[in-house]
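Just below is one structure, and these are the notes that go with it.
The values are calculated or read from the model by the stated rules, or taken from the named source; none is laboratory data. Please read these numbers as outputs of a predicted model, since none were measured by experiment. When we count neighbours, we look across all protein chains shown, and the Cβ atoms used for this are built from the backbone with ideal geometry, even at glycine.
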Amino acid sequence: MVVASSRYLAEDAAELVSIEYEVLPAVADCATSLVSDAPRVRLESESNVLTRFRLAYGDVDQIFAKAPHVFREDLRQHRGAAHPMEGRGALARYDDPTETLTVWSSSQMPHDLALTVAQMLDLDEKSVRVITPDVGGGFGAKFLVYPEEIAVAAAAMLLKRPLKWVEDRREHFLSAIQERDQFWSVEIATDRDGTIMGVRGTLIHDQGAYTPQGVNCPYNSASSVTGPYIVPAYCLDVIVTQTNKVYTIPVRGAGYPQAAFTMERMLDRVARELTLDRAEVRRRNLVVPEKMPYAKPLKVRANAPVVLDSGDYPLCQQKVLAAIDYDGFRRRQAEALDHGRYLGVGFAHGVKGTGRGPFESATVRVSPSGRVSVLSGAMDMGQGVKTALAQICAEQLRIPIDSIDVVTGDTGAVSLGLGAFASRLTVTAGSSVYLAAKAVKERALEVAADVLEAAKEDLELNDGDVHVKGVPELKISFAQIARALRGVPGYSLPSDVEAGLEATKHFRIDSLAYAHSFQACEVEVDIATGEVTILRYVAIQDSGRLINPMIVDGQMHGGIVHGIGNALFELMGYDDRGQPITTTFADYLLPTSTEIPNLEIMYHESPSPLNPLGAKGVGEGGTVPVTAAVISAVEDALSPFGVKISETPITPERILEIVEQAQH
């Protein structure tokens, strides 16, 4: 580690450090890592297999033996990365007189970072404070503790000087977490009408060289393949392997997009083989609203059952297909083909478990000045959490939103918190704020009833006051109530209530609220260049009750664009020795405004019964079906060539290759 008074000096000094490496054999492919004589990634292990597990229910073998139709596909979903606008960074300052260490970090989990710093530096946890200021995006890249955060904190303590480290983009490419590299071999059994009888197969998942967050991603993939569909029998064997590459943990979608791609590709195959309409195959197999809540014989990582809590999947599909004029598409496609243009339409369903528990903290506090504070273990990384929490509090207390101060991502303000991941904060932190604000309201009403000598049911809240209904001048303000509940030495508190006009809640939930999305797109493929142009994109999202529609719009736009990147552009390349070969945005492409059409988004609100807000998460849901929909559309556009696409991303070069192969 090089420490200097400026970045320029640090960069120059680092150039003087010479390291001698002993180059050992490497393995860069998760499939070849399983070969018995493959180089071992970790010398203390007997093989490169990190773990194996199976998720299964129903009599799969018997069903497949009797099924009228069985189809098999081999699919590959290549490795990509999370690229937030702001990369990773950490600043640490040690205060010798108070023996306290403060760390500012671009992290999705400040409380976990504070605990880790305390444990690794042998400090009392209460002497470590972690603050996450405005974080320019996370997408999973900041969902762990990195070595640099510990090193910066340790060096700041040793030097008794503030110390800062900020990565550049190439460093992000080289060492920030990545996701995917999955190989799927899957079979689907159906009856003669395309109704699913069973799904089985094998998933090989590339974990990279380390395992900082367990096997979250492959487990999520394995447990979500069946998605919104009725699947009577299921069996998936999962092999998690290690390679000499950057470790993988969930990026936006956390394994669900991979599962959706797998299932939707299989349904397209069923439709093609049985000469059925792709939309009709899906409609026949969807869970219908009359069956909600619909329990599946699967469990999430927290050992809670998978239960689709609410929704109307067939109606959502119907609305999107009508909006994109699916009935008239074949005519448009034929007319375009007559002019040498290759159009295609694709669509896909996706469900995403959201609101992962077990809790998130929230305190709602009214100060003697009348200002209201919301303090939460949640953290804001650009997804609008502070605004949403303020809205929830304002609705309960009937106060203007600008009279509320929201503090998130600061371990000095809140002792308990889990952070931002798994589309969880509106459900968990939002519900905690809702319950805490409701408790504050009840306490304020009790005090006001005592002071105003009125029944609670005769009181109402308005703009920071509690007044008697119909007599607005007979009132007491929140500020007055807060001052009264601070207490005066020697005097009793008003009414029979606890001290302080505040409440803390930790809404606990183990079951996931399942958000649903159905998306369709129309594309044009230039067979001379391999370029894919998205002409239209229509989506419908069910994330339960929408707290702030503008925020939801932003999350959906970002999620869809992220998915388009996964489908057409983003590919983290490595050579045979495990050396990264895409380390700049000149090589690793992201979608820009010129590649994105106007996104037409609709909403279907089916409130979740699992939390008091009826909300479901939205941050990742928009990403889940995108890759499947786009690839389906590209394959449909190339149907005159009989092209079959079984991989992502599908780049222009790859399109030209498979078209040429199909022609020969």
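Structure values in brief
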{"read-out": "Selection within region 293-324 - buried (at least 18 other Cβ atoms within 10 Å of the Cβ), out of contact with any Asp or Glu (no Cβ under 7 Å at 6 or more places or on another chain) and aliphatic (A, V, I, L, M)", "value": "L298, V300, V306, V307, L308, V320, L321"}
{"read-out": "Hey, K616 basic (K, R) and either buried (at least 16 other Cβ atoms within 10 Å of the Cβ) or touching a strand residue (DSSP E or B) at 6+ places or on another chain (Cβ under 6 Å) (or both) or not", "value": "yes"}
{"read-out": "Pair list, Cβ < 6 Å and 6+ apart or interchain, from region 451-464 residues that are within 19 Å of P400 (Cα to Cα) to residues that are surrounded by fewer than 16 Cβ atoms within 10 Å (Cβ to Cβ) and of a type in the set (D, E, K, R)", "value": "E460/K469; L461/R398; N462/R398"}
{"read-out": "Elements of type strands (runs of 3 or more DSSP E) contained in region 440-490, each with 3 or more residues being under 41 Å from the mean Cα position of the chain (by Cα)", "value": "459-462"}
{"read-out": "Test: A479 is over 30 Å from A515 (Cβ atoms), modelled with pLDDT of 90 or more and either among the aliphatic types (A, V, I, L, M) or in contact with a Gly (Cβ under 6 Å, 6 or more places away or on another chain) (or both)", "value": "yes"}
{"read-out": "Residue that is farthest from the chain's Cα centre (by Cα), among those in region 354-375 that are farther than 21 Å from A259 by Cβ and of a type in the set (S, T, N, Q)", "value": "S369"}
{"read-out": "Matching residues, region 138-164, being under 20 Å from Y247 (Cβ atoms) and buried (at least 19 other Cβ atoms within 10 Å of the Cβ)", "value": "G138, F139, G140, A141, K142, F143, L144, V145, Y146, E149, I150"}
{"read-out": "Where A503 falls short, out of the listed (1) within 30 Å of E620 (Cβ to Cβ); (2) assigned to a strand (DSSP E or B)", "value": "(1)"}
{"read-out": "Filter result (touching a Phe, Trp or Tyr at 6+ places or on another chain (Cβ under 9 Å) and surrounded by fewer than 21 Cβ atoms within 10 Å (Cβ to Cβ)) within region 197-214", "value": "M197, T202, A209, Y210, T211, P212, Q213"}
{"read-out": "Residue identified as within 34 Å of the chain's Cα centre (by Cα), at pLDDT 95 or above and more than 24 Å from T533 (Cβ to Cβ) among V351, V345, V320", "value": "V351"}
{"read-out": "Residues satisfying the stated conditions in region 93-138, i.e. more than 28 Å from A82 (Cα to Cα), in contact (Cβ under 8 Å) with a residue 40 or more places away in the chain and touching a strand residue (DSSP E or B) at 6+ places or on another chain (Cβ under 9 Å)", "value": "R93, Y94, L101, V128"}
{"read-out": "Failed item in (1) buried (at least 18 other Cβ atoms within 10 Å of the Cβ); (2) at pLDDT 90 or above; (3) within 20 Å of the chain's Cα centre (by Cα), with G621 passing the rest", "value": "(2)"}
{"read-out": "Residue that is in contact (Cβ under 8 Å) with a residue 12 or more places away in the chain, touching a strand residue (DSSP E or B) at 6+ places or on another chain (Cβ under 9 Å) and within 25 Å of G138 (Cα to Cα), where the choices are A348, A323, A378", "value": "A378"}
{"read-out": "Inter-residue pairs, beta-carbon under 6 Å, first assigned by TED's automatic domain parsing to the domain that holds H516 and in region 279-308, second modelled with pLDDT of 90 or more and among the acidic types (D, E), 6+ apart", "value": "P289/D312; P293/D309"}
